[in-house]
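The values are calculated or read from the model by the stated rules, or taken from the named source; none is laboratory data. The shown structure was predicted, so the numbers you read here are calculated from the model rather than taken from an experiment. We place every Cβ from the backbone using ideal geometry, glycine too, and count neighbours over all the protein chains shown. Ligands, DNA and RNA are excluded from the accessible area calculation, which covers all protein heavy atoms including side chains. Shrake-Rupley method; radii C 1.70, N 1.55, O 1.52, S 1.80 Å.
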Amino acid sequence: MEKRIPDISNQIYYEETLDLLKDNYNVIGTHWASSQLEWLNAVYAQFKDHDKFLITIYLIKKTLDFYSRNFTKLSFEEFYSKDKVEIEKFNITEISEQLSIPKESARRKINELENSLVIQRIKKKIIIDRSAYSFAKPINSVKRISRFLALFAKILKDNKKISKELSSEKLEKIIKNNFSHVWKIYYELQIPMVHGYKKFFGDTESFHIWGSCVVNQHLYSKKKTKMKLERELFIKTLYVSDGLGLNAKSMSDITGIPRATVVRKLKKLVKKGYLSIDNKKHYKLTEKGTTELIPLQNIVLDRLADFSTKIFNLAIL
């Protein structure tokens with residue numbers, strides 16, 4: 001059978017994707033923020049420890065990098081046909097530097113992962129055993145990404161960047177058929193994102209809690225604002241919103257983080273000026289918290305545009 005060669009002229013360019021992402025941010029940004037919060041909630045639920053999960057997916061990404069270097073592409077079913085995944089060699093210093101985890105903490109968390117049999121050393125091999133934790137198959141993550149990209153594809157279609165819409169079902173199939181490749185670039189989006197916010201806030205729990213306030217105000221602002229808003233204008237609506245904030249109990253229920261930890265982190269976030277608290281003990285975003293994060297959010301937005309562009313080109317070329 002003759003191999004189909006893609007038409008270079010049909011490709012979508014990163015710059016176009018980024019511009020549309022910024023110009024339609026009140027529509028697409030809210031959807032992405034909600035999806036990211038759902039992902040963080042699921043991440044925390046695995047080990048009740050963000051860093052342990054981050055270490056796990058960092059090590060799996062090293063395997064995906066190996067597959068990519070050696071021109072190996074696995075579908076979703078092929079990648080998950082076995083529970084055990086061989087990973088590259090690693091050391092404590094590497095984990096500490098790449099994920100901003102103090103060496104002693106990194107050593108302790110890796111030991112705990114080995115004690116719970118998530119990481120196993122079998123002769124010369126180092127293994128991740130996915131049967132040891134419940135987030136083995138990211139079925140919900142694939143569906144969330146597909147829904148987000150389908151919404152984004154409609155915007156591309158409306159702006160004549162693609163000739164027809166891409167359904168979430170078609171995008172899910174594309175992701176699953178090219179899973180090892182797609183998940184490599186997905187982790188290239190997610191790992192630096194968590195790493196960057198962790199460095200800014202000092203710990204991942206604070207970012208997770210702050211993020212629940214972001215999504216709450218995103219949803220309120222989107223509901224209140226019917227017109228299309230580009231990113232900078234929409235961000236301003238977040239911290240001037242007169243909508244209700246979230247209390248500590250709600251944030252604990254949403255994130256899965258214990259209430260005592262939520263209260264402790266909220267005090268720090270208020271003290272630093274990233275959140276405000278009213279007389280009903282509802283927490284909301286502040287101008288300082290939103291504006292100081294813009295440089296980091298710009299980097300995340302660039303990576304999201306790059307990721308989206310690559311998946312769209314997989315789907316249409």
Restricting to region 251-286, and then to whatever is of a type in the set (A, V, I, L, M) and more than 14 Å from His208 (Cα to Cα), can you tell me which residue is modelled with the lowest pLDDT?
Ile277
At pLDDT 90 or above, open to solvent by 10 Å² or more (accessible area, probe 1.4 Å) and among the β-branched types (Val, Ile, Thr), is that true of Ile57?
no
Using beta carbons and a limit of 7 Å, which pairs, at least six apart or on different chains, have the first residue in region 42-56 and without any contact (Cβ under 8 Å) to a residue 60 or more places away in the chain and on the phi < 0 side of the Ramachandran plot and the second one outside any helix (DSSP H, G or I) and surrounded by fewer than 21 Cβ atoms within 10 Å (Cβ to Cβ)?
none
Does Ile191 count as of a type in the set (A, V, I, L, M), at pLDDT 90 or above and surrounded by fewer than 19 Cβ atoms within 10 Å (Cβ to Cβ)?
yes
Return the only residue of Glu172, Glu205 being more than 30 Å from Asn10 (Cβ to Cβ) and either in contact with an Asp or Glu (Cβ under 8 Å, 6 or more places away or on another chain) or buried (at least 18 other Cβ atoms within 10 Å of the Cβ) (or both).
Glu205
Scan region 152-166 residue by residue and report those that are without any contact (Cβ under 8 Å) to a residue 24 or more places away in the chain and either of a type in the set (Lys, Arg) or surrounded by 15 or more Cβ atoms within 10 Å (Cβ to Cβ) (or both).
Lys154, Lys157, Lys160, Lys164
Among the listed residues Ser105, Ser141, Ser146, Ser100, identify the single one that is among the hydroxyl-bearing types (Ser, Thr, Tyr), under 30 Å from Gly29 (Cβ atoms) and free of Cβ contacts under 8 Å to residues at least 60 places away in the same chain.
Ser146
From the options Lys137, Lys173, Lys199, residue that is under 18 Å from the mean Cα position of the chain (by Cα) and in a helix (DSSP H, G or I)
Lys199
Give me the helices (runs of 4 or more DSSP H) completely within region 1-101, filtered to those with at least 3 residues that are of a type in the set (Phe, Trp, Tyr), ordered by residue number.
25-47, 50-69
